[in-house]
1. Is it true that Lys136 is more than 11 Å from ligand 1 (Cβ to nearest atom) and either farther than 21 Å from Val84 by Cβ or of a type in the set (Ser, Thr, Tyr) (or both)?
2. Among the residues of segment 51-77, which ones are closer than 20 Å to Gly99 by Cα and near ligand 2 (Cβ under 6 Å from one of its atoms)?
3. I need the full set of residues from segment 142-164 which are near ligand 1 (Cβ under 9 Å from one of its atoms) and either of a type in the set (Asp, Glu) or over 17 Å from the mean Cα position of the chain (by Cα) (or both), in order please.
4. Going through segment 122-136 one residue at a time, which ones are at pLDDT 95 or above and more than 16 Å from the chain's Cα centre (by Cα)?
5. Can you pull out the strands (runs of 3 or more DSSP E) entirely within segment 94-176 that have at least 2 residues that are more than 12 Å from ligand 2 (Cβ to nearest atom) and surrounded by 20 or more Cβ atoms within 10 Å (Cβ to Cβ)?
6. What are the residues in segment 66-75 that are in contact (Cβ under 8 Å) with a residue 12 or more places away in the chain and either basic (Lys, Arg) or surrounded by 19 or more Cβ atoms within 10 Å (Cβ to Cβ) (or both), if any?
7. Within segment 78-89, is even one residue under 15 Å from the mean Cα position of the chain (by Cα), within 13 Å of ligand 2 (Cβ to nearest atom) and part of a loop (DSSP other than H, G, I, E, B)?
8. If you check every pair at least six apart or on different chains, which have Cβ atoms under 9 Å apart with a residue in segment 97-110 that is farther than 21 Å from Asp171 by Cβ first and a residue that is among the charged types (D, E, K, R) second?
Amino acid sequence: MGQDTVTRATAKQHGDRLGSELHLWCQPLRKLRQEDYLSLGVQDCIEGLHYGHLPYFCRGQVVHGFGRGSKQLGIPTANFPEQVVDNLPADLSTGINYGWASVGSGDVHKMVVSTGWNPYYKNTKSMETHIMHTFKEDFCGEILNVAVVGYFRPQKNFDSLESLISAIQGDIEEAKK
Ligand SMILES: Cc1cc2nc3c(=O)[nH]c(=O)nc-3n(C[C@H](O)[C@H](O)[C@H](O)COP(=O)(O)O)c2cc1C
Ligand SMILES: Nc1ncnc2c1ncn2[C@@H]1O[C@H](COP(=O)(O)OP(=O)(O)O)[C@@H](O)[C@H]1O
C-alpha cells in the first residue's frame, strides 16, 4: 500500500471529524520516504486502518493536569480536556502511543502520548502529550493538535518514580528513531 493510499484512506476516515484541518496533518506524512514510514510505524498505521483506530487525529485546548510532569518527572505533558478524553473512540487502545503534534498553527514535532488511568498514580482517565521540542513558554490554554500514528506499549505500574521516568525516557528515545 503506497503512501498516497494511506493518506487518502486517512482523509476519508477522519474527514468528518476534522474537516478542512485534516490536509495539514497529511503534509508531514507525505514528505516521508517509504523507509521512514516503516520506522515511524506506518505499518502500524496500515494495520490500524483495518481496526479503524490508527492513525487517530484529535485536537483540544490544553488544560492543567495533576502538576507532576515537570515537577516530579522532569517531562512536561500537555493534558487534553475531559471532552476530548471522554470522546476517544472505544477501539483506540489506552497506553503509550507516538506520532506528531503541533500547538496552534505552530510547527509539527514528534510526540509521545500516554492515555489511560496512569497506574502509577491511579488518577482519572487522561491523555497526556509530551512534545519532543523545547518550547520558550508554557502553552496551557492553546490548541493542541495530535496525529497518533503508532503504538508502543500499555501503561504500567512501577515500583519507583525512577523506573517510571526511565520507561518514559525509553519511549522518547524509541520515538526519535
Ligand atoms: C511517554 C509516556 C509514558 C508514560 N507511561 C506511563 C506508565 O507506564 N504508567 C503510568 O502510570 N504513567 C505513565 N505516564 C504518565 C505519567 O505518569 C504522567 O505523564 C504524569 O503523571 C504527569 O501527569 P500530569 O501532567 O497530569 O501531572 C506516561 C507518560 C508519558 C508521556
Ligand atoms: N515539550 C512539551 N511538551 C508538553 N508540554 C509542554 C512542553 N513544554 C512545555 N510544556 C507545557 O507544560 C505543561 C505541562 O506541564 P506539567 O508539569 O506536566 O503540568 P500539568 O500536569 O499541570 O499539565 C503543558 O500544559 C505545556 O504548557
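1. yes
2. Of everything in segment 51-77, those that are closer than 20 Å to Gly99 by Cα and near ligand 2 (Cβ under 6 Å from one of its atoms) turn out to be Val62, Gly69, Pro76, Thr77.
3. Within segment 142-164, Lys156, Asn157, Phe158, Leu164 meet the criteria.
4. Result: Thr134, Phe135, Lys136.
5. 95-103, 143-153
6. Within segment 66-75, just Arg68 meets the criteria.
7. Checking segment 78-89: at least one residue is under 15 Å from the mean Cα position of the chain (by Cα), within 13 Å of ligand 2 (Cβ to nearest atom) and part of a loop (DSSP other than H, G, I, E, B).
8. Final answer for the pair search is Gly104/Glu142; Gly106/Glu142.
The values are calculated or read from the model by the stated rules, or taken from the named source; none is laboratory data. All figures in this text were calculated on a predicted structure; none of them were measured in a lab. Here the Cβ is made from the backbone with ideal geometry for all residues, glycine too, and neighbour counts use every protein chain on show.
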